[in-house]
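Down below is the structure, laid out as structure tokens.
Values in this text are rule-based calculations from the coordinates and carry no lab data. As the structure is a prediction and not an experimental result, all values here were calculated from the model. With ideal geometry, Cβ positions are generated from the backbone for all residues, glycine too; neighbour counts draw on all protein chains shown.
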Amino acid sequence: MVTNADNQGASLAVTQVVELLDIVAEGSDDEAVDAFEKLTAELSGSQSAELVSSLRNLRSLLTRWRRRGQELSALFSSARELAELRDTDALLHRLVERAHALMGTDVTYLSEFHEDADELRVRSTLGTVASSFRDLRVPPGMGLASKVVRTRCPQWTPVYQANHSIPHEQEIDAAVAAEGLVSMLGVPLAAGERVLGVLFAANRNKHEFTPDEIALLSAFADHAAVVLQTTRLLEQARTAAQQTEQANSVLASNITAMERASAVHEDLTTVVLRGGSVEGVAETLGKALQRPVVIFDRDLAPVAHEPAEASGCHSAADDGLDPAVREAINASRRSGRCVFVGDGPPRPEVSVAVVAGETFLGAVVVGYGELELREVEQRTIERAAQIAALVAVKQEAVAAVEDRVRGELVADVLRGGQHRWGELLLRARARDVRLEDLRSVIVVGVSADARKGATEAMRRSVPGGLVGERDGLLVLLAPSEDSMSVARAAWDAICASQRGSVLVVAGPRAGSMQQLGQCFESARRCVEVVRKLNTSEEVVDSRAYEPYMAMFGTGGKYLPEFIESTIGPVLRWDRERRTELFQTLCAFVDSYASPSRTARALRVHINTVSQRLERIGALLGSSWREPESLFRISVAVRLHSLARTSEE
């Protein structure tokens, strides 16, 4: 039974909760609205609003994942269905139908590329209304389609007519205007070294195509291109089989290669649809080619091997990846194709870069084996790299969502609030974190570019903790009782993963989870003070700087008056006469009130220092070197130096 704290008379039975969750998961929008209104009426108060908000967020999340599942399922079923077609015209028409359903755009069409004329002709359309568009021909080098063919990469524009980077042509612009198209996305249908055509998804309104949409249509086009190429080869083989026995042999060889490629592509698609990882991609490709396969991440560290002993096929040198392998990967990154490494074992035979758009995500390397790596096998390896890119993009998207959720949780914990701790405990428990055990607050100051890597490093080094961002600083909440040990571990982990200046401040120990926010404020203020002091310390205990923070705390507004009343005459003397008495006084304080050390620090003669000290004595009074007076003067000197550093 769920009871509202503001209205003890209102509650929900278990059956009502189950019914409410069923509506959130499977009900229509109208049913969900009615259920939320009924819930608000039955449970008045702030908790009902929070519950409704959480249910809405849950329904939105379920809808988003259901839509993603439907898209991947459609991709899988489309690839399987296309693989069963053998007629080119039927295949092209079905390809456009499936792409139209998959993307949900207003218009979907396919332009076939004719190499002899170097032009594209619209072959199949869906959603068009203008007859001129269905008969459109794109001259060489004109329009978005030619740009896709030339670059062999996806091209898109939110407003076609306003995009001046695209070579415009009057007939093309007239056909696009007649159809009312505004935003367009085109991906190449590439098979081997050939571009078979361009698949387009277009809208009649302005639309910014997302990376997910581009990757989805590209993956579909890649599968469709392979099947289309297979279909064309099969047609050619059947024709050749009627002519000579030699053509029959070629046909059999091509059929075997194509069927093997189709099976591999289907298996790779299954890996994606089942939520697999790069290990599944490596296993599928390795078994299909009967060769060792290694997949690397963006840092060229091996993340998947098939078989397990294939870890040696990348032939790592003492100082990292073999230079020949690295060079082949870089060449593949530029060409988008397989690049042979050569020289035989233990080096791999071929490498191909894993990229998504312009982003480098890793590489796939394949060792030697009995099966010859002909064009079809090379294309299969390239498709495997594309599948690995799709998996990597999905994993990074999930990781980004998780980072955002954890960051929001850290921010909410630091804000606190007596009515929210129950909710925060549940949210933390869902991340396998016991919020009530967190006692250490660590604040890390790094550059904005380094925060992502630092976050990952701290998360790996401190299990059971939470990492997030607050006020431009990284915050680590850990269950350890020893904050300085956690701070040193975090500093070591960050420095091991990247270079650059890193400041780690350990806040005071929190007696309870409700005190975490106060401890963070203390650590945050300590970061500001340490930065102003410009010390060389990299791991700091905030308690050691408590006097400075106290001076800059609630009584900070009186500090200028304190400085003026203590060393004001010296400051005015320097301003009026452009002397360096304050610099001498700073060196005198830092040199333990020793004139000789002061002279060495300033690199002047001791007589010069004595003369300046006499002038300071005349300005501040004869008792200025007495212990009590010198202490106040020392404090005023240090505070004024901090203030000048902050102003600069």
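Summary of values
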item	result
Cross-link table 206/452; 394/452; 147/206, entries beyond 26 Å C-alpha to C-alpha	206/452
Qualifying trypsin sites (Lys or Arg not before Pro) for region 570-609 [loop in DSSP, other Cβ within 10 Å: at most 13]	578, 603
Within region 322-367, GluC sites (Glu not before Pro) in DSSP loop having at most 15 other beta-carbon neighbours inside 10 Å	358
J(HN,Hα) series, region 589-598, from Karplus relation 6.51 cos²θ - 1.76 cosθ + 1.60, nearest Hz, glycine and proline x	5, 6, 9, 6, 6, 9, x, 5, 5, 4
Separation of the residue 60 and residue 297 label points, Cα + 7 Å toward Cβ, nm	3.0
